[in-house]
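Novice: Below: one structure in structure tokens.
Only the coordinates and a few stated rules stand behind these numbers; no lab work does. Just so it is clear, the model here is predicted, and its values are computed rather than measured. Neighbour counts are summed over all protein chains in view; Cβ atoms, including those assigned to glycine, are modelled from backbone coordinates with ideal geometry.
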Amino acid sequence: MARLNSDGSVDRSFRTRRGFRGGTVYDALPLPDGRYLVAGSFSNYRDRFTGHVQNIITLNNDGSPDSILVNSPLREKPDTLPKLNLSFDAPIRKMHRQSDGKVILTGFFRRVFRKTYGGLSADGLRDSVYIDTLHLNYIARLNEDLTLDTTYNFDDRLPTGKPTVNGDIFASYLNSADQLMIAGSFTTFNGTSAARIARLDTLGALDATFSVGSGPDKDVLSIDQLLDGRIVASGYFLNVAGSVRKKIAMFTATGGLDNSFDPGESAVGNVLHTRVLDNGKILVSGFFDLFQSYKRDGIAILEPDGKLSTSFNNFGGFKNGFVLSSASITARSSIVLVGAFTNFDLKPVSGIVKLNY
């Protein structure tokens, strides 16, 4: 994990040292107080906190662990432990901050552990950590203070999280109404039909005003939203709701297939990542050499109607590489792409590149 300056150089004031050695960071969210909420697949930080950190942690603005001192009557010195007392049993893939400061998490987790430090065991001879276990399936929400929010897709009668999806969530984003859009391999949400794309309301229930019908016939890997509310999706599918749509499709704000968007033959290969640019055009990336019969090595720009943009061209693209995530720099009409690649446009790069448009 690293923090970059605006010119792309490494910010040396942010120091992770050994960082998440042996683990992977999937997402990091700046918090209003300057700290970072970091999530992924890891079990330590700086080779510390093993047994106390599991897939989520908060870091201070300088990269040091956000920690607390826990006093114990059986030890001369207090223990230094992570301040965030939550752990997840499986990786967290994405985090989204709502307008009210709450944070929605999506991933592969099924259980969440809340820890209370510094008690004594029943015999009074050992330190004890009280652990409260809750079953939450693939989606969770944290309050602004990062405590668990049990009003979001939660069944108070059990108490436990509701079933959510019957498959994996591969992509998600939060719209301007704080509604979570999810996409993946699932076909139901809380037992109701939801064919690989769904929208949730602000309490985590399925939004019945959005439906893709029979939807894509195979997994959806990436989704994004245009300014007019339409939704673009890409993945392994070849048909959507009975119509041919090869690996990329557009949906209306209510989930219907948008027939004004037609990618034609699309990519000879797989489209793994989709991003709407600030100018309304659509960036797609993946494992492909051709797009709509034109030479495009792993990256292409589409017009809002699905046709290949003639204003973008490059010689090399991402040859034998692909994009995992992206972030727009609005004021500069630029986008930063991050992924598994070592070259772009016949020039050596190290998994990150900025494109201007």
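Novice: In terms of Cα to Cα distance under 23 Å, which lysines are near enough to LYS281, apart from those fewer than 8 places away along the same chain?
Specialist: Cross-link targets: LYS246, LYS247, LYS295, LYS307, LYS319, LYS354.
Novice: Here is a follow-up. How far, in nm, would the chain grow between SER328 and THR151 when pulled straight, counting 0.36 nm per residue and subtracting the alpha carbon separation? Walk me through the numbers on the way to the answer.
Specialist: Details: separation 177, 0.36 × 177 = 63.72 nm, distance 3.21 nm.
Gain in length upon complete extension: 60.5 nm.
Novice: First check a/c for the stretch 165-357, with a ≥ b ≥ c the square roots of the eigenvalues of its C-alpha gyration tensor; if it is under 1.5, answer rounded, and if not, answer prolate when a/b is larger than b/c or oblate otherwise.
Specialist: Values: a/c = 1.81, a/b = 1.59, b/c = 1.13.
Because a/c hits 1.5 or more and a/b exceeds b/c, the stretch 165-357 counts as prolate.
Novice: Where does the charge balance sit around ASP145 when Lys and Arg score +1, Asp and Glu -1, over other residues with C-beta under 14 Å from its C-beta?
Specialist: Details: positive: ARG35, LYS83, ARG97, LYS102, ARG114, ARG141; negative: ASP33, ASP66, ASP100, GLU144, ASP149.
With Lys, Arg at +1 and Asp, Glu at -1, the neighbours total +1.
Novice: What whole number of Å gives the distance from the Cα centroid of the stretch 184-217 to the Cα centroid of the stretch 34-63?
Specialist: 32
Novice: Same structure again: In the set (1) 80, 45, 37; (2) 67, 48, 32; (3) 73, 49, 31, which value of Cα extents along the principal axes in Å was calculated from the structure you see?
Specialist: Computing Cα extents along the principal axes in Å and matching it to (1) 80, 45, 37; (2) 67, 48, 32; (3) 73, 49, 31 gives (3).
Novice: Return one quarter of the surface area of the convex hull spanned by the alpha-carbon atoms of the stretch 87-210, equal to its mean projected area, in nm².
Specialist: Values: hull surface 34.1 nm².
With every direction weighted equally, the projected area is 8.5 nm².
Novice: If you don't mind, there's one more thing I want to ask. Using a 7 Å offset from Cα along Cα-Cβ at ASN279, what residues in the stretch 317-357 end up with backbone N under 13 Å from the label point?
Specialist: Taking a point 7 Å out along Cα→Cβ of ASN279, the residues of the stretch 317-357 whose backbone N falls under 13 Å are 332-335, 355-357.
Novice: Something else: Among MET1, MET181, MET250, which comes first, then next, by fewest other beta-carbon atoms within 10 Å? Don't skip to the end; give the middle numbers.
Specialist: Details: MET1 15, MET181 21, MET250 24.
Final ranking by Cβ density, sparse to dense: MET1, MET181, MET250.
Novice: Can I ask one more? Expressed as a whole number of Å, what is the distance separating the alpha-carbon centroids of the stretch 323-354 and the stretch 139-178?
Specialist: First find each Cα centre; the distance between them is then 31 Å.
Novice: Okay, moving on. Report, ordered by chain and residue number, the lysines lying within cross-link reach of LYS115, taken as a straight Cα distance under 30 Å and ignoring same-chain residues fewer than 8 apart.
Specialist: Cross-link targets: LYS77, LYS83, LYS94, LYS102, LYS162.
Novice: Continuing with the same structure: Evaluate the relative contact order of the chain (contact order divided by residue number), counting alpha-carbon pairs under 8 angstrom at least 6 apart; express in whole percent. Present the calculation step by step, with values, prior to reporting the outcome.
Specialist: On the way: 897 pairs, mean separation 23.1, N = 357.
With pairs under 8 Å counted, the relative contact order is 6 percent.
Novice: Would you calculate the separation in nanometres between label points at ASN166 and SER350, each defined as 7 Å from the Cα along the Cα-to-beta-carbon direction?
Specialist: 4.7
Novice: To make sure I understand, if each residue's beta carbon is the centre and we count other beta carbons within 10 Å, what order do PHE344, PHE312, PHE291 fall in, fewest to most? Could you put the intermediate results ahead of the total?
Specialist: On the way: PHE344 22, PHE312 16, PHE291 27.
In increasing order of surrounding Cβ atoms, one gets PHE312, PHE344, PHE291.
Novice: Here's another thing I want to ask about it. What is the calculated FRET efficiency for TYR357 to LEU158, with r their C-beta to C-beta distance and R₀ = 35 Å, to the nearest 0.05?
Specialist: Details: r = 50 Å, r/R0 = 1.42.
That gives a FRET efficiency of 0.10.
Novice: Okay, moving on. For SER43, SER99, which order do you get if you count the other beta carbons within 10 Å of each Cβ and list the fewest first? Walk me through the numbers before you get to the answer.
Specialist: Values: SER43 15, SER99 9.
In increasing order of surrounding Cβ atoms, one gets SER99, SER43.
Novice: For a test of the definition: using alpha carbon positions, the gyration tensor, and the 1.5 limit on a/c, classify the stretch 1-162 as rounded, prolate or oblate.
Specialist: Working: a/c = 1.95, a/b = 1.13, b/c = 1.73.
The shape class here is oblate.
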